[in-house]
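**Student:** Pasting a structure below so you can have a look.
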Amino acid sequence: MSACKADWQTQDMDGDGVSIAEGDCWDRVEGPGGTGLSGADIHPGATETWYDGFDQDCGEDDDYDADGDGFVLDAFVGLPTVGVPGSGGLPGGDCWDDPNSIPDNMVAAPGYEQLTASEVNPGAKADTWYDGIDQDCDGHDDFDQDGDGFDSSDHPQADGQVGDDCDDLDPGINPDAAEVCDDIDNDCDDLVDGDDPTVDPDSIRDWYIDADSDGYGTYDTEIEACDQP
């Protein structure tokens, strides 16, 4: 047994083919003021225009959360959607909200799965390094895991380019680091220790040749080098 509907609820006042009883959320002939819409533009099945602040398709979705992940762009925090009671309370921080396009900075790197807008938000449980996508929207460079300001040279980006950090897990190793005697290419120029003309002289040690192998070097045979000659 169905409930009775008031006569006005079963009428299609705006001529869009859908009555209030059938789910139309706006049945007046004139549309909401300032929107440029007519009543006939608003009904279930209508094309939704995101970010205009109105629920054209009567889906009761927050108009500023197009991907439905529960977060909005910072610019839209606090903005309500006409026709959706209680809207406007979603948190900001989203960095990709349009499910119909992929921003250049969200294109997956070679070998990684392309994520969708709804998978990218501040509530993401994990952020995969080097996939080229800032999944948790924390603003960190996805190719600079150690945070030293240089991208990894081991992980190609979406455009195929690589950075010049030869050890992206150690912030002390990058092109701006000083080369020191420690058997490591500190400044990522493919030259290690004494083979690098820029090696820090303060890290070079003084050695004395032990010609007779008695365990003691001769005082007048001093040699400066990173490694024992």
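The values are calculated or read from the model by the stated rules, or taken from the named source; none is laboratory data. Predicted, not measured: the structure shown is a model, and the values here were computed from it. Note: ideal-geometry Cβ built from the backbone for every residue, glycine included; neighbour counts use all protein chains shown.
**Student:** Under 23 Å from F54 (Cβ atoms) and within 14 Å of the chain's Cα centre (by Cα), is that true of L73?
**Tutor:** Details: under 23 Å from F54 (Cβ atoms): yes; within 14 Å of the chain's Cα centre (by Cα): yes.
So L73 fits the description; yes.
**Student:** Among the candidates C137, C181, C188, which residue alone is in a loop (DSSP other than H, G, I, E, B), of a type outside the set (F, W, Y), free of Cβ contacts under 8 Å to residues at least 40 places away in the same chain and touching a Cys at 6+ places or on another chain (Cβ under 9 Å)?
**Tutor:** C188
**Student:** Filter the range 76-89 down to the residues that are crowded, with 18+ Cβ neighbours inside 10 Å and assigned to a loop (DSSP other than H, G, I, E, B), then identify the one that is farthest from the chain's Cα centre (by Cα).
**Tutor:** G83
**Student:** Let me ask something else about it. Can you go through D193, D187, D142, D167 and tell me which one is surrounded by 18 or more Cβ atoms within 10 Å (Cβ to Cβ), under 30 Å from D98 (Cα atoms) and charged (D, E, K, R)? Reasoning before the result, please.
**Tutor:** On the way: D193 fails: under 30 Å from D98 (Cα atoms); D187 fails: under 30 Å from D98 (Cα atoms); D167 fails: under 30 Å from D98 (Cα atoms).
The match here is D142.
**Student:** If you go through the range 109-125 one residue at a time, do you hit one that is within 30 Å of G59 (Cα to Cα) and free of Cβ contacts under 8 Å to residues at least 12 places away in the same chain?
**Tutor:** yes
**Student:** What are the residues in the range 105-147 that are more than 11 Å from the chain's Cα centre (by Cα) and at pLDDT below 95, if any?
**Tutor:** If the condition is that a residue be more than 11 Å from the chain's Cα centre (by Cα) and at pLDDT below 95, then K125, A126 are the ones that fit.
**Student:** State which residue is nearest to G70 (Cα to Cα) when the search covers only the range 90-112 and only residues that are assigned to a loop (DSSP other than H, G, I, E, B) and hydrophobic (A, V, I, L, M, F, W, C). Let's see the steps before the verdict.
**Tutor:** Let us first name the residues in the range 90-112 that are assigned to a loop (DSSP other than H, G, I, E, B), namely 90-103, 107-112.
After this cut, where a residue has to be hydrophobic (A, V, I, L, M, F, W, C) as well, the list is 90, 95-96, 102, 107-109.
Working: L90: 6, C95: 12, W96: 12, I102: 19, V107: 22, A108: 23, A109: 26 Å.
Among them, the one singled out is L90.
**Student:** Confirm whether D214 is loosely packed, with under 13 Cβ neighbours inside 10 Å, more than 44 Å from the chain's Cα centre (by Cα) and not in a loop (DSSP other than H, G, I, E, B).
**Tutor:** When the stated conditions are applied, D214 does not pass them.
**Student:** Report the residue count in the range 183-229 for those that are touching a helix residue (DSSP H, G or I) at 6+ places or on another chain (Cβ under 7 Å) and among the aliphatic types (A, V, I, L, M).
**Tutor:** Result for the range 183-229: 2.
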